[in-house]
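Have a look at the structure below, then the notes.
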Amino acid sequence: MSAARAPEGNADLHLHTVYSDGTETPTRVVELAQAAGLRAIAITDHDILDGYPEAAAAAQERGIELIPGIEMSASWDGCEVHVLGFFLELHYQPLQRLLAEQRQRRIARIHDMVSRLQQLGLQIEPEDVFASSGQGSVGRPHVAQALVKRGYVATEKEAFNRYIGNNGPAFIPGSPLAPALVIDMIRQAGGIPVLAHPIYLNNDRLIAQFARDGLAGLEVYHSSHAPDAVQRYERVADELGLLKTGGSDFHGRGKEGAEIGAATIPYSLIDLLKQWKGTHRTRSCA
Ligand code: AMP
Ligand code: ZN
Ligand code: FE
Ligand code: FE
């Protein structure tokens, strides 16, 4: 659903900024969204909400609707599971506390991954990685950037293929949280939990399980979903009664095929998200 232009406008609900592993500021992301002719966007940084205020100011100035968003990391049976959250309350304290813990774990994980790389004979220090992430939520792409800078690999892709991809010798899982816990926290924060890029999970039975755990939506449209995958996930979402979302998973410079607007949804699907939020009591207390 990327190329077609809906009469009511299009939205890209999966975008990263410098607050996690994207290369662009929230303001720049909004500018690019405007240039791509989008009506609405969501910034979905990994385990962090801090890009929202800057993006909100830029979006208001340019007449773009900004939907509060996040991409939270969980794991299931050693596999990474990413859960998007939309329309959440940014200042809900239990969520903010969990995110702060997640970011601390991300920092500890970088130290562990760097130790693995050192054991493999690579001269790299944690500071090389943190120089790349700045104040943002640190992750594997920052390790990849440090490896490129040190000349051990030619591209970030090669860093994933040789060292830090899911089966790589220096890979360490990113989050100990169960998907059900993350789903529940997003709902408690008033948000809509959506399973990100199900193609990476490649296990449709798990989607049904997550739906029983309270998952509300499926990211059917994604820059890594070929047309046959989109059709399959449209069917899965319909069968399980899940909302459909979509986005490019833009990370900025250097990721071909994932430009802003590379995967979009018609605004009518956002109306459905809003309807869902209006009819589901997501908070457990007043
Ligand atoms: P992390 O949250 O630290 O585990 O990093 C996950 C991020 O790494 C994803 O959002 C992608 O941006 C990137 N990533 C994961 N796998 C790959 C891969 N095989 N090649 C390039 N980038 C990847
Ligand atoms: Zn990322
Ligand atoms: Fe992801
Ligand atoms: Fe993402």
Dividing the helical contributions, -39500 (n - 2.57) per DSSP H run of n ≥ 4, by the residues of the chain yields a 222 nm value, nearest 500 deg cm²/dmol, of -12500 deg cm²/dmol
The summed charge of the Tyr221 Cβ neighbourhood (under 10 Å; Lys/Arg +1, Asp/Glu -1) stands at -2
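What are the equivalent ellipsoid semi-axes of the chain, built from the alpha-carbon gyration tensor (square roots of five times its eigenvalues), in whole angstrom, biggest first? List each step's numbers first, then the result.
Details: eigenvalues 170, 88, 72 Å².
With the √(5λ) rule applied to the chain, the semi-axes are 29, 21, 19 Å.
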As straight-line cross-link partners of Lys277, the qualifying lysines (C-alpha separation under 27 Å, not fewer than 8 residues apart within one chain) are Lys244
So, relative contact order of the chain in percent, Cα under 8 Å, 6 or more apart, is 24 percent
Sorted on mean Cβ neighbours within 10 Å (highest first), peptides 265-273, 89-97, 241-249, 162-170 come out as 241-249, 265-273, 162-170, 89-97
Two pseudo-spin positions, 7 Å from Cα along C-beta at Arg205 and at Leu90, lie apart in nanometres by 4.2 nm
Computed for the chain: size of charge dipole around the Cα centre, +1 on C-beta of each Lys and Arg, -1 on C-beta of each Asp and Glu, debye to nearest 20, value 300 debye
Counting every C-alpha pair in the stretch 136-281, the percent lying more than 24 Å apart is 42 percent
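Under the 0.36 nm per residue contour assumption, what length would be gained going from the current alpha-carbon distance of Trp76 and Leu122 to full extension?
This chain segment gains 13.6 nm when fully extended.
Could I get the Rg over Rh figure for the stretch 1-108? Both from C-alpha atoms, Rh via Kirkwood, rounded to two places.
Checking Rg against Rh, the ratio lands at 1.00.
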Computed about the Cα centre, the charge dipole of the stretch 55-177 from +1 Lys/Arg and -1 Asp/Glu charges at the Cβ has a magnitude in debye, to the nearest 20, of 280 debye
Highest mean packing first, using Cβ neighbours within 10 angstrom, the peptides 54-66, 209-221 sort as 209-221, 54-66
Of the stretch 159-203, those with amide N under 19 Å from the point 7 Å along the Cα→Cβ vector of Glu101 are 173-191
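Bear in mind that the values in this text are calculations on the coordinates, not laboratory data. Since this is a predicted model, take the numbers as computed values, not measurements. Every residue, glycine as well, gets a Cβ built from its backbone with ideal geometry; the counts of neighbours run over all protein chains shown.
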